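Okay, so here's the structure we're looking at.
Just so you know, all these numbers are worked out from the coordinates, no wet-lab data involved. Keep in mind that what you see is a predicted model, and the values were worked out from it rather than measured. Here the Cβ positions follow ideal geometry from the backbone for every residue, glycine too, while neighbour counts run over all protein chains shown.
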Amino acid sequence: RWESGWRAAAKIVRPLLDAMQTTPAFVYLVPIVMLFGIGNVPGVVVTIIFALPPIIRLTILGINQVPADLIEASRSFGASPRQMLFKVQLPLAMPTIMAGVNQTLMLALSMVVIASMIAVGGLGQMVLRGIGRLDMGLATVGGVGIVILAIILDRLTQAVGRDSRSRGNRRWYTTGPVGLITRPFVK
């Protein structure tokens with residue numbers, strides 16, 4: 001069955017994810033710079049590798065936390081493994097998966113300043129240049145930009161990850177075009 005293969009793969013991947021999450025961020029730079037040199041491409045690669053473990057780990061956790069009675073009910077109604085995954089397990093695991101997306105985004109943002117050490121441009125480079133030149137204004141502008149971006153992305157992922165059953169009554173400012181803008185900031 002496909003579920004036993006999923007669980008076996010999760011047991012193999014878990015130690016790798018543990019090692020990836022305990023490795024300091026700077027350690028990722030060495031092999032990536034040796035393979036790709038310096039610039040934007042190695043910065044993106046190192047950021048993806050550094051930020052990947054939480055989304056994988058929390059996706060596995062979310063799917064494993066789907067109640068067995070719901071899986072049994074979907075089987076009894078004749079759902080194929082694909083239908084069970086996309087119609088039952090993933091929708092029910094969405095809050096946990098979005099928590100993983102949230103953590104992945106925050107780790108990626110934390111890597112921005114470190115990746116700027118290998119000539120990646122952007123807000124991280126502003127922070128690094130500001131610190132290097134003792135220009136606290138430049139470092140603060142870059143740092144505040146990263147913080148504002150982190151807050152906006154955090155609110156967006158929380159809004160998407162909220163369980164639809166716990167939303168209750170919807171207000172006018174959470175639906176339609178206005179809701180697209182205001183929903184992440186309204187609890």
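Summary of computed values
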read-out	value
Pairwise label distance in nanometres, VAL30 with ARG75, each label 7 Å out on the Cα-Cβ vector	4.8 nm
Packing-based order for 89-98, 18-27, using average beta carbon neighbours within 10 Å, highest first	89-98, 18-27
R0 of 45 Å, Cβ-Cβ distance ASN64-LEU134: FRET efficiency to nearest 0.05	0.35
Ratio of Rg to Rh over segment 1-83 (Cα coordinates, Kirkwood Rh, two decimals)	1.17
Theoretical gain in end-to-end length, VAL141 to GLN83 [0.36 nm per residue, Cα-Cα removed]	16.1 nm
Stretchable slack from GLN21 to ILE152, in nm (0.36 nm times residue separation minus alpha-carbon distance)	44.7 nm
Cα-Cα pairs of segment 16-169 separated by more than 28 Å (percent)	37 percent
Cβ-Cβ FRET estimate between LEU90 and ILE48, R0 fixed at 25 Å, reported to 0.05	0.70
